Amino acid sequence: MNLIECRNLTREYHKADTVIRPLDGVDLDVERGEFLALMGPSGSGKTTLLNLIAGIDAPTAGTIVVDGVDITRLSRNRLAAWRSVHVGYVFQLYNLIPVLTAFENVELPLLLQKLSRRERRARTGNALEAVGIADRADHFPRQLSGGQEQRVAIARAIVTDPTIIVADEPTGDLDRPAADDIMNLLTRLNEESHRTILLVTHDPQTAGHADRVIRLDKGRFVSDRRPESVAEAPA
Amino acid sequence: MRQLPFEYAYRNLGRSRVRLFASLLGSGLVVLLVLAAAGFIRGMQLTLAQQDTLHENVVILGAGSEESIERSQIHASVAGIAAASIAGLREAAGVTFVSPEIHTALPVWASADDDQVRHAMMRGVRPVALLVHSEVEIVDGRPPRAGFDELMVGGIASTRLGLADERLAVGRTLYFDNRDWTIVGRFSAPNTVMDAEIWLPITDLQIATRRESSLSCVVVTLDTATFADVDIFAKSRLDLEIIAIGERDYYRSIAAFYRPIRIMIIVTAALIAIGGLLGGLNTMYAAFAARVREIGLLQTLGYTRGAIVLNLTEESVFTAACGAIAGAAMGLLFLDGIAIRFSMGAFAITVDAPVMLTALAGGLLVGFVGAIAPAARCLRMPITEALKAH
Ligand SMILES: Nc1ncnc2c1ncn2[C@@H]1O[C@H](COP(=O)(O)OP(=O)(O)OP(=O)(O)O)[C@@H](O)[C@H]1O
Ligand SMILES: [Mg+2]
């Protein structure tokens, strides 16, 4: 069974008399452990699709089944609870909370779960370790570089051990070396920890890290291919 | 519902010193203001409501002057006739509790060469007045003797006159009717109109006001008699043109006369408080609006709107509480006991438990309402839009 199954997914915005349709009836299956990159011109609907799968937006039509649950049928509060367990979101602009330290930022999603303080701290420590930023645990976001902030944000996304990690242009604000660092980190998380990752990017080199690349244009898929190098990797 | 740590709310306070200061000042001022207004009304209420005294007094005054003792004129003989005609008045050691009195406002001066006229509430009494008005207690000196140009002053008479309290110490003088009068005693009658008055022997005041054969009123204390007995006496002596009115009823009707002032104070205070509230709303709205993206993030992580509103409210109420405590402390320090004069006399701003609670509740309300509305506004935005905010 596929981990994610989207059917006839449509998102419309109604403005006065006009209807804007950033996503126009797409079907998408994603397997567990897959590393999927979404590409396409600006405004093609990449973020829209990602947000729908992440459960922070609701489709106008269609269904999204993740791990057997149709998330389009969940109430607002249930959906929030679902996100806290199943989704790790990585943003282009990190979105760390400025008044919390790196450690506290990573710990934040764990406060939503029933864990002992001890276990919470251990898991937070492990996540910071995994992204190689444990030595900056006590720093506030303003004391970190962009690349380091994004590492903390990735630690925050993986700390709950979510079913899927979604990343919307996570390297969009970083220079090449920092971007490569982040992509290597995501690739490692995919290969070593078998995490399912959905990544939005404009950059072909960044997309090259993925198993599979889908191109969107005007809310529809225009291509769906697996780069040769990794073509036979997923079963 | 899983909550956000209070720590987070607390740390958010440090984000902008200016806002923190504005919030503290806002709630502090609202508390101070409510304290002042409520304390003012409370003081006025206590003064005019005439707390239950040990005994019940009935005032006999001129028919047609029910609303003002100062305007009343009755014949000096009413006191004697009342004492003889009404059975069941209180007595002690052979003295019947019948107090003939003159109530009048007189211009006085601090001294002969003082050119500022001050209006004093004067009460001409006999010694029996101290029995009839059991709330009055001499706290310094002694009662004035007739014929020696002596007087005694109430606890907040100085406020009424606009003089420093020391200026009315025993041994000092006041000037009126072309001569100096020596203050020989001080009395206290807290929360009554008498506390703002100057008392002197009735004969001296009769001479000073040239009303030898008339009184303002006669106050009697009931023992076995009831109000009806005094009322019947007043109504049956048509020749004296008098009426009887319960002392408490009299002050209640005066309180009613001051109701418009009270309403004006409440409305003014409410308007200023609403201003404070809007200011608070504005600072909180600005503070939360700057955090819209963060609020979007918290929702993305799985925090419910309720949890986020609660946290933002905690932040705001905590600040408001700090400001409220500061405002309340200042109010207690600077407002409580301040005497205010009004046409009838004077009364003290009273900061007691109900007044304090009202004020603190006002301060907290500012914090609560100040947070709820802006927080709700920020949370109505779809998460995807909130995440795009900068
Ligand atoms: N709240 C909204 N109201 C109206 N239109 C919207 C809204 N959000 C997005 N859109 C429209 O949906 C379309 C797709 O937006 P989306 O953010 O998914 O694009 P994208 O592929 O992520 O682009 P980019 O690469 O620039 O991030 C755009 O045309 C955009 O104007
Ligand atoms: Mg986008």
In terms of modelled amide H atoms, which long-range or inter-chain residues lie less than 5 Å from the amide H of residue A:90?
A:166, A:167, A:168
Number of Lys pairs in the protein assembly as shown closer than 23 Å at Cα, excluding neighbours under 8 places apart unless interchain, is 6
Compute the separation of the alpha-carbon centres of segment B:243-290 and segment B:62-101 and state it in Å as a whole number.
39 Å
With r as the distance between the Cβ atoms of residue B:6 and residue B:137 and R0 = 56 Å, compute the FRET efficiency 1/(1 + (r/R0)^6) and round to 0.05.
0.60
Inter-site label distance for residue B:209 and residue A:76 at 7 Å from Cα along Cβ, in nm
7.0 nm
Would you mind checking which residues have amide H under 5 Å from residue B:63's amide H? H placed 1.01 Å from N; only 5 or more apart, or other chain.
B:242, B:243
Once you average over the residues of B:301-311, how many Cβ atoms of partner chains fall within 10 Å of each Cβ?
5
Can you tell me what share of the DSSP beta bridges in the protein assembly as shown is antiparallel? A percent to the nearest 5 is fine.
70 percent
Quick check for you: with a 1.4 Å probe and neighbouring chains kept, what is the accessible area per residue of the protein assembly as shown, in Å²?
45 Å²
Can you give the relative contact order of segment B:64-240 as a percent, counting alpha carbon pairs under 8 Å and 6+ residues apart?
32 percent
Suppose a student asked you for the relative contact order of chain B, using Cα pairs under 8 Å spaced at least 6 residues apart; what percent would you report?
30 percent
According to a simple spin-label model (label point 7 Å from Cα along Cα-to-Cβ), what is the distance in nm between residue B:338 and residue B:263?
2.6 nm
Karplus ³J(HN,Hα) for segment A:190-200 (6.51 cos²θ - 1.76 cosθ + 1.60, θ = phi - 60°; Hz, whole; x = Gly/Pro) runs 6, 6, 8, 9, 6, 7, 7, 10, 10, 10, 9
Calculate the mean, over all residues of peptide B:2-10, of how many other protein chain Cβ atoms lie within 10 angstrom of the residue's Cβ.
3
Ordering B:376-386, A:138-148 by per-residue average of other C-beta atoms within 10 angstrom, highest first, gives B:376-386, A:138-148
Heads up, segment A:1-43 by the C-alpha gyration tensor (a ≥ b ≥ c square roots of eigenvalues; a/c under 1.5 rounded, else a/b over b/c prolate, else oblate) looks oblate
With just the Cα atoms defining each centre, how far is segment A:187-230 from segment A:82-101? Give it in Å.
21 Å
What is the average number of partner chain Cβ atoms found within 10 Å of a Cβ in A:90-96?
3
Given Cα pairs under 8 Å that are at least 6 residues apart, what percent is the relative contact order of chain A?
28 percent
For residue B:155, which sequence-distant residues (separation of 5 or more, or a different chain) have an amide H within less than 5 Å of its own amide H, given hydrogens modelled in the peptide plane?
B:187, B:189
For segment B:125-133, Karplus-derived ³J(HN,Hα) couplings (6.51, -1.76, 1.60; θ = phi - 60°; whole Hz; x for glycine and proline) come out as 9, 9, x, 4, 4, 5, 7, 5, 9
Given R₀ = 51 Å, FRET efficiency for residue B:67-residue B:17 by Cβ-Cβ distance, to 0.05?
0.35
Most fluctuating residue of B:353, B:328, B:196 in a GNM of chain B with Cα springs under 10 Å: which is it?
B:353
Mind telling me which of A:118, A:136, A:11 comes out most flexible in a GNM of chain A, alpha-carbon contacts under 10 Å?
A:118
Phi angles of segment B:366-379, converted by Karplus (6.51 cos²θ - 1.76 cosθ + 1.60, θ = phi - 60°) into ³J(HN,Hα) in whole Hz with x for Gly and Pro, give 4, x, 6, 5, x, 9, 4, 5, x, 4, 4, 5, 5, 7
Per the C-alpha gyration tensor (a ≥ b ≥ c, the square roots of its eigenvalues), chain B is rounded if a/c is under 1.5, else prolate if a/b beats b/c, else oblate; here it's prolate
Spin-label pair residue A:134/residue B:87, simplified geometry with 7 Å Cα→Cβ offset, distance in nm
10.4 nm
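The values are calculated or read from the model by the stated rules, or taken from the named source; none is laboratory data. Given the structure is predicted, the values throughout are model-derived calculations rather than measurements. All Cβ positions, even for glycine, are placed from backbone atoms using ideal geometry, and neighbour counts span all protein chains on display. Calculation scope for accessible area: heavy atoms of the full protein, side chains included, ligands and nucleic acids excluded. Shrake-Rupley method; radii C 1.70, N 1.55, O 1.52, S 1.80 Å.
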